[in-house]
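Each value in this text was obtained by applying a stated rule to the coordinates, not by laboratory testing. These figures come from a predicted structure and were not determined experimentally. Please note: Cβ atoms are built from the backbone with ideal geometry, for glycine as well, and neighbour counts cover all protein chains shown.
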Amino acid sequence: MTRRHHPIPLQQAAQESPTFALLMDRVRDSSDRLNAIRSLLPAPLRASIQAGPIEDGCWCLLVGSNAVAAKLRQLLPALQAHLNNKGLGVVSIRLKVQNR
């Protein structure tokens, strides 16, 4: 590996590293899924929901409170069906409440 003496953008550095490139792909896949369902989410809740990791076909959504999680649980079947129709299907969607 050659040592660089000039700065490079983070994107370029990540693409040159197989580990970081895989991580970036996973982040992009998760973000794509969130963008695909954003229109189905109630407008007041959108700011409280973030894309989380995808592991073994299970996608995690990070939510800001138990109330947001309760509402999303009602929407999960519709969200999963929408993702399947868009070709972004997952086996399941999991919710994780973020502690602040």
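Summary of values
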| read-out | value |
| --- | --- |
| MET24/SER65 FRET efficiency (R0 30 Å; Cβ-Cβ; nearest 0.05) | 0.55 |
| Under Karplus coefficients 6.51, -1.76 and 1.60, residue-wise ³J(HN,Hα) of the range 15-25 in Hz, glycine/proline x | 5, 7, 10, x, 5, 5, 5, 5, 4, 5, 4 |
| Rg ratio (alpha-carbon, reference 2.2 N^0.38 Å) - the range 10-97 | 1.15 |
| DSSP beta bridges in the chain [antiparallel fraction, %, rounded to 5] | 45 |
| Mean separation of Cα contacts under 8 Å, 6 or more apart, over the residue count of the range 1-85: relative contact order % | 22 |
| On Cα atoms only, tilt of 66-85 relative to the major axis of the chain in degrees | 70 |
| Protection proxy ranking of 6-12, 25-31 - average other beta-carbon atoms within 10 Å, highest first | 25-31, 6-12 |
| MRE, 222 nm, helices only [DSSP H, n ≥ 4, -39500 (n - 2.57), over the chain, to nearest 500] | -15500 deg cm²/dmol |
